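The next block holds one structure in the form of structure tokens; read it before the comments.
The values are calculated or read from the model by the stated rules, or taken from the named source; none is laboratory data. What you are looking at is a predicted structure, and each value in this text was computed from that prediction instead of being measured. Note that each Cβ is placed from the backbone with ideal geometry, even for glycine, and that neighbours are counted across all protein chains shown. Protein only, heavy atoms only, side chains kept; ligands, DNA and RNA dropped before computing areas. Shrake-Rupley method; radii C 1.70, N 1.55, O 1.52, S 1.80 Å.
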Amino acid sequence: MRSKVRELRTDRGWSQVQLATALGVSRQTVNALETGRYVPSLTLAFRASAIFELPIEHIFFPTEDDAPPSGGRQ
């Protein structure tokens with residue numbers, strides 16, 4: 001999953017620690033969100049949405065790897 005977390009955080013002049021505190025997660029989780037190594041829970045995505053005052057879909061973006069598996073109903 002790609003995200004604009006780093007861009008949004010730095011635009012506001014926040015450190016990873018400051019954002020982590022606001023989100024209620026570790027700095028390592030913020031780093032993982034920024035580098036695409038962590039897919040946020042729905043709860044965390046809603047928290048980020050509230051903090052950045054943006055819709056979730058303006059913060060997080062699926063990649064091809066996140067696409068649902070094929071073979072379902074058509």
Long-range neighbours under 9 Å by Cβ, at least six apart or interchain, first residue at pLDDT below 95 within region 1-22, second aliphatic (A, V, I, L, M):
1/33; 1/39
Among the residues of region 7-33 satisfying the criterion of being within 11 Å of residue 59 (Cβ to Cβ) and of a type outside the set (A, V, I, L, M, F, W, C), which is most open to solvent (accessible area, probe 1.4 Å)?
7
Just name the residue that is farthest from residue 46 (Cα to Cα) out of those in region 15-34 that are touching a helix residue (DSSP H, G or I) at 6+ places or on another chain (Cβ under 8 Å) and among the hydrophobic types (A, V, I, L, M, F, W, C).
17
Can you tell me which residues in region 35-65 are polar (S, T, N, Q), open to solvent by less than 70 Å² (accessible area, probe 1.4 Å) and over 17 Å from residue 16 (Cα atoms)?
41, 63
